[in-house]
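Structure first, commentary second.
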Amino acid sequence: MRELLISVIIVCSLSSYAQNILISGMDNMKWEKVMPGVWKASFGTSGLDPLAYTNPPKKEAITELGDAPFPFDEKSTFYQLTPERAIIRMPLNPAESIYGLGLEFKGINRRGEVYTLKVDHYGGVKGYTHAPVPFYVSNKGYGVLINTSKRVKIHVGVGNRKDSKRPDPIDRTTGENWDSQPLSDAIEASIQGDGLEVYIFTGNTTLEVVQRYNLYCGGGVLPPKWGLGFWHRMHTKSSSDDIFKEISEFKKYNFPIDVLGLEPGWQSFAYPCSYDWDSTRFPNPKQFVQTLNDDGIKVNLWENPYVAPSSTMFKDISPFTGSHTVWLGEVPDYTIPEAQKVLLNHHQKNHLDIGVSGYKFDEVDGYDKWLWPDHATFPSGNDAVEIRQLYGQMIQKMFGDHLKKQNKRTYSLVRASYIGASSSPFVIYSDHYDHKNYVTALVNSSMSGLLWTPEIRSAKSAEEWVRRFQTVCFSPLMQLNAWASGTKPWSFPEVSDIIRNNIKLRMDLLPYLYTAFYDYEQKGIPPFRAMVLESGFNVTGTLIDGKLDGETNPYEEQIRMEVTDQYMMGPSILVAPIFTGETERKVILPKGNWYDFYTGALVGNGETITIKSKLEQIPLFVKNGGIIPMLSSKEVTDSNKQSLEVRHYGTKENTFQVYNDDGETFNYENGDNTLLELKVTKGKGGELRGESKFINNKNYSYGKVNWLWMSN
């Protein structure tokens, strides 16, 4: 049930560990407080600034979080410059757990591991991933951002300096409790470069630390409403006729479709890309896109960033490309404003002006054999390694800003991201396809300001089809990616009704989910987040003794059991996916009463429960006092005109403010939005009663509010 990881034991108490120590050859870092709970230190010179590709900090929201003290003695933080490397050393308490470091498919606690943070196609190497964010979070109430576009190598409590405080060695043969990785008192990181900039974020809780980091990077993204609907990507060779036929089948089988994704075949040339419509498959692109928009279906286009010689923008972009090609296409240097202008003008004229809603930017991570080499040169003079680390983030920033100038929200896909991605309207995906790893990735993403989709493509059985679909329905982006498989939601007819009902449940939860994303945008709270960010959840991992084995475990390393298969959605719902073949599973509940979402029955309080699986339902649990606003209409129509079914769970009084706006523009930033306060109180006899009132204008009010007392 729980993913098992080889780990090093960290549960010991060493009173001799001192934070204020002298480290030979290293100097103390000098910290400057830049905002409440935010400190910065720098030394030497650095290259491209990743924070330049984020939105400005939300200063008022950071201030509203309050302040929190610097997390340790400043004299225990060190730096060093050698002829080749910039190095930092940060203190580490024996009992600390460390989370973050970007998108990872294995485990959640980074303690006792070494990561090389390289933007790359996931291949199982620690740190080689689509979004290796050099930001880590401690359960002791702080986070550290290494703000660099260089590749960071980070030793998370691994290795002891000879001049640091450390435990006495134990003879392996005669002693007890020998450890293959003796406890270290520091996190050490380095880059190949001449300097570093480092930030520290503090908070009263681990969640508050993540919030402050997200807010410093511009807050979270608020997607358009259509982005939270159902996405379907067509087979790569589909024509406009194929697509219209498929849409008619969606209607025939009574499945919704909000976004239609076109894969490489929409272009006249792909791998590398022309960015021009294929006139054979799409003879009239403008009419095609307009027809879909009139039917309430948005169009999303697949691209990779490498320009084919046949592209109508090739001549204009070529002066701004690097020394090496990818799939024989030229690589634009998007640190140059002129290159950005060429790309955006072409996309505006050929795609956006006719109604395209957004993009899926593929191959911006890539294996080394597919991407430019580290020694490539670019016309800006910027380093090829730094450009690769930031390439996905550059593209997100370009298109996010470009569409915002037109007052249009987008929700798109990207396969590489980096520091400060929380405010970018992009969700990460991967070619990797392990279901359990997908859920782990969703959990880990929340620690680094990332959104992740566990998209479904195909399945080996009807059961797997259902289980994957259920996870997709409870994720940041609900997508069937049939680019190669050609699958449809009804591809397993025996479970079509189950799939339809799960999609409908996701759609009905739009008022709750949209409000969770608003909290992300305003307060930096991830809408989908790891259990370690939930109050009352204290499980950081259980260590199991490792058995000596000359082939599989020659160093008697211990096994860490971690919670990576359940997560929170919004403020009150705990999601516990079922995987194929499971007839039951364990769920670890935080402190406080928790209730079954479907029945309202009490299931436990701060304990581990075992539940039987039901094929038709993904297990959902709601905390005591949880208020869940849902659309009560049976049809999926304009959500602003639908009535609300407001569910309350448990016995606790509570308040929930439902957010709404036009769902398309940025007018909400100027106050054009609606907050409806839902309040549950107890009468003199202890009976629960619900009230609703508007906090601001009624421009985007829902219909009638119907209260449902789930636990009575």
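We did not get these values from a lab; they are worked out from the coordinates using the rules stated. Computed from a prediction, not measured in an experiment: that's the story for all the values here. No Cβ is skipped: glycine too gets one built from the backbone with ideal geometry, and neighbour counts run over all protein chains shown.
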**OP:** Post the alpha-carbon centroid distance, the range 639-712 to the range 206-228, in whole angstrom.
**Re:** 22 Å
Original post:
FRET efficiency for SER323 and GLN348, Cβ-Cβ distance as r, R0 = 22 Å, nearest 0.05?
Top reply: 0.15
**OP:** Please sort by residue number the GluC sites (Glu not before Pro) in the range 574-667 whose DSSP state is loop and whose Cβ has at most 16 other Cβ atoms within 10 Å.
**Re:** GLU582, GLU607, GLU616, GLU635, GLU653, GLU664
Original post:
DSSP loop chymotrypsin sites (Phe, Trp or Tyr not before Pro) in the range 323-364 with at most 16 other Cβ atoms within 10 Å of their Cβ, which ones?
Top reply: TRP327
Original post:
To the nearest 20 debye, what charge dipole does the range 627-709 have about its Cα centre, counting +1 at the Cβ of each Lys and Arg and -1 at the Cβ of each Asp and Glu?
Top reply: 620 debye
Subject >> Net charge, SER318 excluded, C-beta distance under 15 Å - Lys, Arg +1, Asp, Glu -1 >> reply: -2
Subject >> Charge context of GLU74, other residues only, Cβ under 14 angstrom, K/R +1, D/E -1 >> reply: +2
**OP:** Hand me the GluC sites (Glu not before Pro) from the range 84-140 located in a DSSP loop with no more than 11 other Cβ atoms within 10 Å, in residue order please.
**Re:** GLU84
**OP:** Kindly provide the helix-only [θ] at 222 nm of the chain, computed as the sum of -39,500 (n - 2.57) over DSSP H runs of four or more divided by all residues, to the nearest 500 deg cm²/dmol?
**Re:** -5500 deg cm²/dmol
**OP:** With unit charges on the beta carbon (Lys/Arg positive, Asp/Glu negative), name the residue among LEU631, SER97, THR82 whose Cα is farthest towards the positive pole of the charge dipole of the chain.
**Re:** LEU631
Original post:
the range 310-380 to the range 452-507: how many Å between their Cα centroids?
Top reply: 33 Å
Original post:
In this model, which of LYS682/LYS704; LYS118/LYS165; LYS118/LYS360; LYS397/LYS523; LYS349/LYS504 are farther than 25 Å apart at the alpha-carbon?
Top reply: LYS118/LYS165; LYS349/LYS504
Subject >> Set LYS586/LYS652; LYS106/LYS652; LYS126/LYS612; LYS58/LYS140 screened for pairs whose C-alpha atoms are more than 31 Å apart >> reply: LYS106/LYS652; LYS126/LYS612
**OP:** Can you tell me the relative contact order of the chain? Whole percent, Cα pairs under 8 Å, sequence separation 6 or more.
**Re:** 13 percent
Subject >> the range 663-671 - phi-based ³J(HN,Hα) in whole Hz, Karplus 6.51/-1.76/1.60, Gly and Pro as x >> reply: x, 10, 10, 9, 4, 4, 5, 9, x
Subject >> Derived scalar couplings ³J(HN,Hα) [the range 128-138; Karplus, 6.51 cos²θ - 1.76 cosθ + 1.60; whole Hz; x for Gly, Pro] >> reply: 7, 7, 5, 8, x, 7, x, 10, 10, 10, 9
**OP:** Please compute the net charge surrounding LEU65, taking Lys and Arg as +1 and Asp and Glu as -1 over other residues with Cβ under 9 Å from its Cβ.
**Re:** -1
